[in-house]
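Here the structure is laid out as structure tokens; the discussion comes afterwards.
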Amino acid sequence: MQEQDTLRLLCSRPAAYLIFLIFSWLIAGCTEPCEGTYTYTVYEPVYQTRAELAAAIQSEPAKALRKTGKIYAVDQYILVNELNEGIHVIDNSNPRNPQNIGFIAIPGNVDMAVRSNVLYADAGTDLLVLDITIPKAIKVIKHLENVFQPASLMAANGAFINADPSKGIVVAYKERLVTEQRSCDEMIPNRRPVAWWEWNSANPNSNFVSNDAGKANSGGATGKAGSMARFTLYGNFLYTVGPSQMQVFNVANPTNPQKGEPVYLGGGIETIFPYQNKLFIGSNAGMLIYSLANPAAPTHIGGYSHLRACDPVVVEGNYAYVTLRTNPNSFCGGNANQLDVVDISNAALPQVRKTYPMQNPHGLGIDKSTLFICEGNYGLKVFNAANPDAIADNLLAHKKDLHAFDVIPLGKNLLVIGEDGFRQYDYSNPKSLQFLSKIPVSPN
């Protein structure tokens, strides 16, 4: 009778009854048998001693692209990262017939930037300064050790697995299948561990540099990258971002960079983009804006938060363009696929002007209101962004026959990198992109 009264009471209170059902379901779920055999992939660090790393840095003959990473344009050359292995050197004097002319072997390399024929490249936790006056015969100028945050992996349960410095420098990760018995109360790994320097490279891929960046740079030619980079040059300084901080280097003397004080940014930092006298930093939770009034010590002036997602950013005029994408296999995670247009006319208080749904946006670029958005397996989209409130109504072109990860607009030619290779288009008429060339990824 007491049980009937209790049930009648629950039924008379819908909210309480719902809680009762949820609690009962949880109890029942805990008793369901779930033991079994599970097979999953783990990613183990590959170590090198510093002596082994130094000995491996050299010019080599050209080799096929296999696992494309970030791209960087400087003078007539295109640099394409081969993830964790080095940099392909492509002579782009004729964009219709680019020539793969050499390879710079750099274990643990992901990012790069160039000033006055000096290449700055990461090698695990180290920074390399290389003379690339003759791209097919590079010279090591300087090797700065332990200037970047050490690599760490994110396990399936969200915990971090730190590399073991006593074993050397982490220069790559290798896959290994594991099969084992698991019980109900054990975590089943279901997600690829991701190193901090791969947070933005689910392919992996990534890179950047602003259309405006070169105006403030001193001394020789400075290159240009895509929207996902973690290195950028501005004025006499090189700025690099890691998972939680920015490292500043004074490169007034390009061949002898001086390490400055790190700037703490918070967690989940992914990309950096310079525009005029500011740095726009993408994280998996929002965008940060730093002033370069004192370029040796960038100061935070504003930002905005968004849903957890992978987040590159580019800027033109009074607007920042931020893509958010779902990526369950990377640190950023998230469940958003969209473009945020952010009004930055007041940098201290940026406001989201408009949000547009996207399919799975990756890198992006903008040139005089022509907005390029990489949609991964969904190709490349081109929009007229002159009216920030009507971008979706102004789709100019959609190339669906490619994988697009990041882009670099160069005023007329568009560089596109993806899992299937490196492409170039003439975008003089954005409504009708003209294919120029492709260097494919080798299947072997």
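If a paramagnetic tag sat 7 Å from the Cα of SER437 along the Cα-Cβ line, which residues of region 120-148 would have the backbone N under 18 Å from that point? The answer is 135-136.
Taking Cβ atoms as reference points and 11 Å as the exclusive limit, the residues near PRO45 contribute a net charge of 0, counting Lys and Arg as +1 and Asp and Glu as -1. Summary of packing: across the peptides 113-123, 287-297, the per-residue average of other C-beta atoms within 10 Å ranks them, highest first, as 113-123, 287-297.
Using a/c under 1.5 as the rounded threshold, could you call region 291-444 rounded, prolate or oblate? The axes a ≥ b ≥ c are square roots of the C-alpha gyration tensor eigenvalues, and prolate needs a/b larger than b/c, oblate otherwise. Cα axes put region 291-444 in the prolate bin. Would you please classify the overall shape of region 237-282 from the alpha carbon gyration tensor, given that a ≥ b ≥ c denote the square roots of the eigenvalues, rounded means a/c under 1.5, and beyond that prolate means a/b larger than b/c while oblate covers the rest? Cα axes put region 237-282 in the oblate bin. I need the shape label for region 358-413. Rule: rounded when a/c is under 1.5, else prolate if a/b > b/c, else oblate, with a, b, c from the alpha carbon gyration tensor. Note, shape of region 358-413 comes out oblate.
Past the 29 Å Cα-Cα mark, which pairs from LYS259/LYS412; LYS70/LYS399; LYS142/LYS412; LYS136/LYS438?
Details: LYS259/LYS412 36 Å; LYS70/LYS399 21 Å; LYS142/LYS412 36 Å; LYS136/LYS438 21 Å.
Distance filter (> 29 Å) returns LYS259/LYS412; LYS142/LYS412.
Let's test the formula: R0 of 30 Å, r as the Cβ-Cβ distance of ASN256 and GLN99. What FRET efficiency results, to the nearest 0.05?
Working: r = 32 Å, r/R0 = 1.07.
The calculated FRET efficiency here is 0.40.
Bridgeable aspartates and glutamates around LYS67 (alpha carbons under 12 Å apart, same-chain partners fewer than 8 residues away excluded): GLU82, GLU85, GLU419, ASP420. Please compute the net charge surrounding VAL89, taking Lys and Arg as +1 and Asp and Glu as -1 over other residues with Cβ under 13 Å from its Cβ. Net of charged neighbours comes to -2. Ordering of 376-385, 256-265 by packing is 376-385, 256-265, highest average first (other Cβ atoms within 10 Å, averaged per residue).
Read the figures in this text as sums done on the coordinates, not as results from a lab. The structure displayed is predicted, hence computed values, not measured ones. With ideal geometry, Cβ positions are generated from the backbone for all residues, glycine too; neighbour counts draw on all protein chains shown.
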